Amino acid sequence: MKIMKNISVILFLLISISANATIIIIPTENYVFRDGRWYFENRTERTSKEVVGAHIRTFRVLDCDNPLISVECHYARDRNHIYYKGERMKNVDIRSFQVILPHSPYSKDKNNVFFEGKILENADPATFRLVTYVGKHRPTSARCLPPYAKDKNFVFRDGVIIPRDVSTFRIISSTHFWGHYRWYTADKFGIYFDGRLLEGSLADDFQFLGWPDYLYLISNNNVYYGATKLKGVDAKSENFRVDWPYLIGNSRVFHRGTEIKTADAESFEVLNVSHNITCCETIARDKNHVYMYRQILTGLDAESFEIIDRNFLIVRDKNGTYRIEQNRDWIFVAVPIEVE
């Protein structure tokens, strides 16, 4: 049964065009064939529109290397036209047209480069290419295409020229944080996070502290959280380690780039954190305090503190049992509760 279900995902619609001609139509994530016509369906906006004038026998999708991958495919063609999201493209040479990489918004012909179906001004089609990333952290894939491209003259991000050194520009890693992909890039001027230059960084001197998604990076003896340089921090003297979402050194503790001034680094430990780093309730303690994120939970005894229920944030110490809640001022408090 499982094999049959997998096979049935591929929908072959056999359409008889004449007594002697039959074609095979393979629907994809966006382009679908129904009632004898082609339609483009925008899954994000939940809209559907007919591909007006599409020639049924020669129509095919161009940028889906595998129709089973649930990734949007935007480019298509027939014998007369090229289409982007179901709209007929203008000023395009059909014979030389090509999608630069499947699922990418970039394409080109012998005369122009296109971004999302429109001519990309100042781009050189002969030297234009996508800047992809192949590394140990998260290589380029259909679901994680970098927004960067370049030619002999310029670097582009999402179809816009950005001020980067073309010859040295590269991607060094990607992150997936708060539901979005963001990119670490570099050129001869330094390292960039999500397009912002890391002040004082060196392109050939960097080290991620833990997984890149943690956003902590060392370069040129500086420590960064995303694009923010941690002020007054010496990477060599602190000997930092990451216990997500905390950065813990010999004498200092940071929570997502903000220092916890009251924290004792030597005794600091993380007690509760979700494996999903985009959303979690984080409880930590040191010899003096219990913390929710970077806020002290007042009234709790750190030495005897323990977590009873991680999901409902039920905790206790030698003095009682509590539920951690937020009050009207958005401050976390330990509210005493009765336990049967």
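Since every read-out is calculated from the coordinates, none of them should be taken as a lab result. Worth saying up front: this structure is predicted, and the values here are computed from it rather than measured. Every residue, glycine among them, receives a Cβ derived from its backbone with ideal geometry; neighbour counts consider all protein chains shown.
Some points to look at:
- Net charge of the neighbourhood of Thr228, taken over other residues with C-beta under 10 Å away and scored Lys/Arg +1, Asp/Glu -1, is +3.
- Residue-by-residue Karplus 3J(HN,Hα) for segment 102-113, coefficients 6.51, -1.76, 1.60, Hz, glycine and proline x: x, 6, 8, x, 8, 8, 7, 10, 5, 10, 9, 9
- Using a cut-off of 27 Å between Cα atoms, the listed pairs Lys152/Lys231; Lys110/Lys188; Lys85/Lys110; Lys150/Lys231; Lys49/Lys152 include Lys152/Lys231; Lys110/Lys188; Lys150/Lys231; Lys49/Lys152 as exceeding that distance.
- Three-way shape call for segment 199-250 based on the alpha-carbon gyration tensor, with the a/c threshold at 1.5: oblate
- For Val270, Val52, the sequence from fewest to most other C-beta atoms within 10 Å is Val52, Val270.
- Local electrostatic count, Asp124, Cβ distance below 9 Å [Lys/Arg +1, Asp/Glu -1]: 0
- Neighbour-count ranking [beta-carbon atoms within 10 angstrom, fewest first] of Ile94, Ile172: Ile94, Ile172
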